[in-house]
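Following: one structure in structure tokens, then a few remarks.
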Amino acid sequence: MENIRDNIIFVQFFENLKLSIPIGHKAIEDIFNTPYDYPELDPVRDEICRCIMCGMPQSAITLTNHFMELSLKVCLMYKYVNDNNQSLQNPMDCLKKAMKKYDNEVLSNNINTAYSVGLITEEQKDSLHSFRENFRNPYSHATLSNTVGKSTVGVQEHIIDDSTNIEELAKSTFDKSKDVMIEITGLPLIRGIIQHQFSIEDSVPYFREVDEIVRTMLSKLDITERKNNKT
């Protein structure tokens, strides 16, 4: 019996993939087909694209959070090497100094530094800080209030008083007969459903904006100097 059940789950999963991949691929086809030519960043970019294509929006958001932090560190390190290599003369020593400077720095400081050294515009700096507050912190630290904010949902009034009936509460949350509107933060029991719905809407535009910022930063680096430093 267990083998049959497992097989049914696999078939359903495969059928969902067949529906999800064409839609997801269309949403990020240009990013998926246009690598950065930076092995430090391309594997993560590729994996986020695959998460989106496979219909895993929460995975895409959490990995985009990682990607945002990683790309800032990588670009700041190479910027530091480009600016200081001539005076220090030893590229590897310079890279070590850059890693020590940025690798353990907090995200907000790396965002501000990227702006101060000219890797990003002021508008992009503001966008990155917004992403830090609205995506990186809520999803990476699992803070429900930050994930859903003050969004509300309708529930049946009698369900609110029946705190012991958890299953009925979850089923009735999106019922069309909405007697009472309450903030989602008051319904932690259905957190998974709510966060998934939010992530479906947010994962693609979030990733696309971060990708655009990453390409801006890479375009401002001296690629020739970078290649010399790696040989």
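So here's what we get for this one:
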read-out: Estimated inter-spin distance, ASP93 and GLU105, nm [label 7 Å along Cα→Cβ]; value: 2.2 nm
read-out: Rounded FRET efficiency, nearest 0.05, which uses the C-beta distance separating ASP30 from THR121 and R0 of 25 Å; value: 0.70
read-out: Square roots of 5 times each gyration tensor eigenvalue, C-alpha, the range 29-138, largest first, Å; value: 27, 17, 12
read-out: Sequence ranges 52-64, 207-219, 27-39, ranked by mean other-Cβ count within 10 angstrom, highest first; value: 52-64, 207-219, 27-39
read-out: Sites ASN137 and HIS196, calculated FRET efficiency, Cβ-Cβ separation with R0 22 Å, nearest 0.05; value: 0.75
read-out: Listed pairs LYS26/LYS97; LYS18/LYS220; LYS18/LYS73; LYS26/LYS96; LYS101/LYS220; LYS101/LYS125 exceeding 30 Å between Cα atoms; value: LYS26/LYS97; LYS18/LYS220; LYS18/LYS73; LYS26/LYS96
read-out: Burial order of peptide ranges 102-112, 194-204 (average beta-carbon count within 10 Å, highest first); value: 194-204, 102-112
read-out: Cα gyration tensor shape for the range 66-114, rounded if a/c is under 1.5, else prolate or oblate; value: prolate
read-out: Distance (nanometres) between label positions extended 7 Å along Cα→Cβ at ASN16 and GLU212; value: 3.1 nm
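Every number in this text was worked out from the coordinates using simple rules, so none of it is lab data. This structure is a prediction, so every number in the text was calculated from the model and none was measured. Methodologically, a virtual Cβ is constructed for each residue, glycine included, from the backbone with ideal geometry; neighbour enumeration extends over all protein chains shown.
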